[in-house]
Amino acid sequence: MATVELREVSKSFGATPVLENVDLAVEDGEFLVLVGPSGCGKSTLLRTIAGLDEVDHGDVLIGEKRVNDLAPAKRGIAMVFQSYALYPHMTLYDNMAFGLKLSGKSRAEIDTAVKDAAALLGITHLLDRRPKTLSGGQRQRVAIGRAIVRQPSVFLFDEPLSNLDAALRVRMRYEFARLHKRLKTTTIYVTHDQVEAMTLADRIAIMDKGRVEQLGTAEDLYERPASLFVAGFIGSPKMNLIEATLDGSGEGGATLKLGGGEALEACVDASSARQGEEVTLGIRPEHLTLSDKGIAATVALIEWLGNVRFAYLDTEVADEPLIMQLAPDDDVAEGQAVKLKAPPRHCHLFDRTGQAFPRPSDKPGSLAA
């Protein structure tokens, strides 16, 4: 096992910057997930760690050793891609053994490594078969097994579940979590799926435009987003975002005026802001509640998902419908006029640059520098 550290790593393709001064430290044995929208640089960051892409500036360290000039095969890493990349003419056993044969391992060493990995992944009974006879999930297990037999210091996974259907992705998330607990190998995992990220990760790095927007646990990111981007990206359904004007502020809280004339309070330290400043209020769907007074709204749609209901509400305070998670005893119907409120302690507030005002629940060190 090994630590992985990136120091001021930058990378461009032609005139297009893809990574910009990325600083990131992954602890020994940690499961770190890189997540973000398409084009944010997460796969390129993984490839720079693997050595498949050279960095333009900065250092990549694996096990405290600078590896910028080392070939991928000498970095002690194993990478699994979205594509399984299995040799179709070989059995699964031979697919998993191929890399070990090239490295000069003995037949006994290869046999032990392949059978141990197959047993760990539950594919021992498939070793004599060829890839075309397998399901997508089985092929992905073989690709993972091919990485395991090398006994790397670091696992790199680039969207390994993207080609699987929804039900199989859920099952494979469990398999990845179980595998990491048993192997305890340092793992960096790229995905665009926030559910995968929040399920698997010890910590999550949210990326946007080649930078790490925020690094922390799933709870950190959900409860204490450092920026408007993170607030809108993490959470399903996403956080409600409402344009507002600061009417009063101090260390203990802020008073806001909304577009419909309503007033709300947010428990944040907005002492650095000025009265009249434009800000953005953020409220999670589960923190909106029905009230006798508050934001006037009309129920446009009720979405029933079996164990939970969401109401989509038209208002004058936002261009998009607000989303509220209904309590079991909330009796509302489509077309009904209602009023909404939110507890000040659950309100997030962002300045004109998209940065979050501190909240009393913020933990030191939870926000990215």
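The values are calculated or read from the model by the stated rules, or taken from the named source; none is laboratory data. Because the structure is a prediction, the values reported are computed rather than measured. Please note: Cβ atoms are built from the backbone with ideal geometry, for glycine as well, and neighbour counts cover all protein chains shown.
Which ones in segment 271-292 are buried (at least 17 other Cβ atoms within 10 Å of the Cβ) and either over 32 Å from the mean Cα position of the chain (by Cα) or more than 15 Å from Leu313 (Cα to Cα) (or both)?
Ala273, Val279, Thr280, Leu281, Gly282
Take segment 128-182 and flag every residue that is crowded, with 19+ Cβ neighbours inside 10 Å and of a type in the set (Phe, Trp, Tyr).
Listed by number, the residues that qualify are Phe155, Phe157, Phe176.
Please pick out the residue among Glu54, Glu5 that is part of a strand (DSSP E or B) and acidic (Asp, Glu).
On the way: Glu54 fails: part of a strand (DSSP E or B).
Exactly one residue qualifies, and that residue is Glu5.
Find all pairs meeting these conditions: Cβ atoms under 6 angstrom apart; at least six residues apart or on different chains; first residue within segment 191-203 and in the same structural domain as Asp220 (by TED's automatic domain parsing); second residue outside any helix (DSSP H, G or I) and of a type outside the set (A, V, I, L, M, F, W, C).
Thr191/Glu159; Ala197/Thr191; Asp202/Glu30; Arg203/Thr217
Among the residues of segment 196-204, is there at least one that is surrounded by fewer than 21 Cβ atoms within 10 Å (Cβ to Cβ) and closer than 23 Å to Ser10 by Cβ? Talk me through it step by step, then tell me what you get.
Just the residues of segment 196-204 that are surrounded by fewer than 21 Cβ atoms within 10 Å (Cβ to Cβ), to begin with: 198-199, 202-203.
Checking the rest, the ones that are also closer than 23 Å to Ser10 by Cβ come to 203.
Yes, segment 196-204 contains at least one residue that is surrounded by fewer than 21 Cβ atoms within 10 Å (Cβ to Cβ) and closer than 23 Å to Ser10 by Cβ.
Need pairs with beta-carbon distance below 7 Å; first residue free of Cβ contacts under 8 Å to residues at least 60 places away in the same chain and in the same structural domain as Lys101 (by TED's automatic domain parsing) and within segment 111-127, second crowded, with 19+ Cβ neighbours inside 10 Å and among the charged types (D, E, K, R); sequence gap 6+ or separate chains.
Leu121/Arg141; Ile123/Arg141
Hey, among Leu301, Leu258, which residue is aliphatic (A, V, I, L, M), closer than 30 Å to Pro328 by Cα, crowded, with 18+ Cβ neighbours inside 10 Å and touching a residue at least 12 places away in the same chain (Cβ under 8 Å)? Talk me through it step by step, then tell me what you get.
Details: Leu301 fails: crowded, with 18+ Cβ neighbours inside 10 Å.
So the residue among Leu301, Leu258 that is aliphatic (A, V, I, L, M), closer than 30 Å to Pro328 by Cα, crowded, with 18+ Cβ neighbours inside 10 Å and touching a residue at least 12 places away in the same chain (Cβ under 8 Å) is Leu258.
For the subset of segment 84-106 comprising residues that are part of a loop (DSSP other than H, G, I, E, B) and farther than 22 Å from Thr124 by Cα, which member is modelled with the highest pLDDT? First the steps, then the outcome.
Initially, segment 84-106 is screened for residues part of a loop (DSSP other than H, G, I, E, B), giving 84-91, 103-106.
From what is left, the residues that are farther than 22 Å from Thr124 by Cα are 103-104.
On the way: Ser103: 85, Gly104: 89.
Among those residues, the one meeting the criterion is Gly104.
Considering segment 211-235 alone, what residues qualify as being in contact with a helix residue (DSSP H, G or I) (Cβ under 7 Å, 6 or more places away or on another chain) and polar (S, T, N, Q)?
Gln214
Mind checking which residues of segment 135-167 are aliphatic (A, V, I, L, M), in a loop (DSSP other than H, G, I, E, B) and over 15 Å from Leu179 (Cβ atoms)? Let's see the steps before the verdict.
From segment 135-167, those aliphatic (A, V, I, L, M) are 142-144, 147-149, 154, 156, 161, 164, 166-167; that's our starting set.
So of that shortlist, the ones also in a loop (DSSP other than H, G, I, E, B) come out as 149, 161, 164.
Across segment 135-167, the qualifying residue is only Leu164.
In segment 55-64, what residues are modelled with pLDDT of 95 or more and within 25 Å of Gly99 (Cβ to Cβ)?
Those that are modelled with pLDDT of 95 or more and within 25 Å of Gly99 (Cβ to Cβ): Val60, Leu61, Ile62.
Which condition does Tyr84 not pass, out of (1) in contact (Cβ under 8 Å) with a residue 12 or more places away in the chain; (2) closer than 24 Å to Asn163 by Cα; (3) over 29 Å from the mean Cα position of the chain (by Cα), if it passes all the others?
For Tyr84, the exception is condition (3).
Right, Leu19: under 18 Å from Thr3 (Cα atoms) and either acidic (Asp, Glu) or surrounded by 13 or more Cβ atoms within 10 Å (Cβ to Cβ) (or both) or not? Before you say what the answer is, go through the steps one by one.
On the way: under 18 Å from Thr3 (Cα atoms): no; either acidic (Asp, Glu) or surrounded by 13 or more Cβ atoms within 10 Å (Cβ to Cβ) (or both): yes.
So Leu19 does not fit the description; no.
Confirm whether Val9 is β-branched (Val, Ile, Thr), at pLDDT 95 or above and more than 30 Å from Leu126 (Cβ to Cβ). Show your work before the answer.
Details: β-branched (Val, Ile, Thr): yes; at pLDDT 95 or above: yes; more than 30 Å from Leu126 (Cβ to Cβ): yes.
Criteria met by Val9.
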